[in-house]
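Worksheet: one structure, shown below.
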Amino acid sequence: MNTAIAHSIVTAAAVFTKPVSAAAVRFPRAATATATATALPRHHQSQRGATTLFAIENKALFHSCRQLNINQKSIDTRNKMGKYEILALENPLLDIQAVGDQALLDKYGLKPNDAILAEEKHMGIYEDLINRKADFNAGGAAQNTARGAQYILPEDSVVFVGCVGKDKYADLLVEANKKVGLHTVYRVDEEQPTGRCGVVITGHDRSMCTDLAAANCYKVEHLKENWDLVKQAKLYFVGGYHLTVSVPAIMALAEEAAKENKIFMLSLSAPFIPQFFKDQLDQTAPYWDYVVGNETEARSYAASHDLNTEDIPTIARHLAQLPKANSQRKRTVIITQGTDPTVVAVQDEDKVHEFPVHAIDKSEIADTTGAGDAFAGGFVAGVAKGESLKTCVDMGQWLAHLSIKELGPAYPFPKQTYSATN
């Protein structure tokens, strides 16, 4: 992980006067690698991300997109006959990505490889990027994960829930997800615009400027209005960034999972979550059937909970043994470590499992952004299919392997079919 970026994120989170603002902080991933770089870069180091398959390269076309109905309170793209075994909840964002230059960076006070929260002075960057023939991509960590799971699973298996604005950007998110088969049920906020992340590409660097906006406005009432989704799903995946937005919505899913013996899976998402949202995170902990994160996030958890260790297997074992609401399911903890083996601990098991990652030649790597989201998507798909722990990890690494060969956290089309690694 780029330690300078990590420091800037933690520092930013520490000075927020409103907890929800921290959810906007996201990390870019440096696209560097050794000759045998892993197909599994550190997990969940970016909430940015995208379906690069959906790109609008013409400003006129962008402005011709239909507006949402002014009276619309929700956007529901579900196929009413769909099974939707997985429900994912977090913060939907529209990535607006274009090639820039130093002049554009200077105009908005950006650094070549940085991640900041948008202030009023940055709001013009989104139109500037559009004028540069931007790609429009559906982003947000859990939305990327949902898309990854849907890539593997049968049609109409995954639905994503979050909050958008009443604007063209929401239309673009909907269309981007439709292109790759992910269905959404968005709450529409009438005051805030759809969350956006401006991505300025300069060489191998990406500078990101995020305005979370409507993504920060999700309400548990929307979830309750769509409780049929909750009843239908057998697995709930929640991104940790949502701990800064709507803990009641997360707890509603967590409690339902324990009550009905369904699967509740949470991503730690970023180091600042265990540091600055410790109480919110701990409130959900008894309900974790699966918890996934990277080594930086795991060590952040250890530091905030006074575990006095940085040893990943020890931290994983501790997380696995935390008190649990649903005794019918053992908790599984998954911690990725970049090029080092993925560590997995299971409740009440002394042995901590380690799974070597898939190596990939440096020449094959296009972009490592969001590879952790891809890993989570593959893993979630495996769990939903009832696969073994080993196969679930392998599916995660396989999907991450595909992702880093694409620009942004995208996957190749026509779709490739998973086959177990020997």
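The values are calculated or read from the model by the stated rules, or taken from the named source; none is laboratory data. Just so it is clear, the structure is predicted and the values come from calculations on it, not from any experiment. Glycine also receives a Cβ, built like all others from the backbone with ideal geometry; neighbour counts cover every protein chain displayed. Calculation scope for accessible area: heavy atoms of the full protein, side chains included, ligands and nucleic acids excluded. Shrake-Rupley method; radii C 1.70, N 1.55, O 1.52, S 1.80 Å.
Quick rundown of the values:
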read-out	value
Distance from segment 112-149 to segment 150-212 (C-alpha centre basis), Å	10
Carbon + sulfur, % of accessible area of segment 186-237 - ligands and nucleic acids excluded, 1.4 Å	43
Pairwise centroid distance, computed over Cα atoms, of segment 248-294 with segment 361-422, Å	23
Two-site label geometry, GLU354 and ASP282: point separation in nm, points 7 Å out along Cα→Cβ	3.1
Assigned charges on the beta-carbon of Lys, Arg, Asp, Glu; segment 256-415 dipole about Cα centre (debye)	460
Cut-off under 5 Å, modelled amide H: who pairs with VAL357 long-range	THR342
Net charge, PRO193 excluded, C-beta distance under 10 Å - Lys, Arg +1, Asp, Glu -1	-1
Net dipole in debye of segment 257-343 [+1 Lys, Arg Cβ; -1 Asp, Glu Cβ; about Cα centre; nearest 20]	440
Taking segment 63-199 and dividing mean pair separation by its residue count, relative contact order in percent (alpha carbons under 8 Å, at least six apart)	41
Cα gyration tensor shape for segment 304-422, rounded if a/c is under 1.5, else prolate or oblate	prolate
Rounded if a/c under 1.5, otherwise prolate or oblate - segment 146-217, Cα gyration tensor axes	oblate
Segment 231-282, relative contact order [Cα under 8 Å, separation at least 6], %	47
Nearest-0.05 FRET efficiency for LYS231 and ALA420, computed from C-beta distance (R0 22 Å)	0.10
Rounded, prolate or oblate (a/c below 1.5 giving rounded, otherwise prolate when a/b exceeds b/c) for segment 158-310 by Cα gyration tensor	oblate
Simple label model, 7 Å out from Cα along Cβ direction - ASP101 to GLU127, nm	2.1
Loop GluC sites (Glu not before Pro), segment 184-245, which have at most 13 other Cβ atoms in a 10 Å radius of their Cβ (DSSP)	GLU190, GLU191
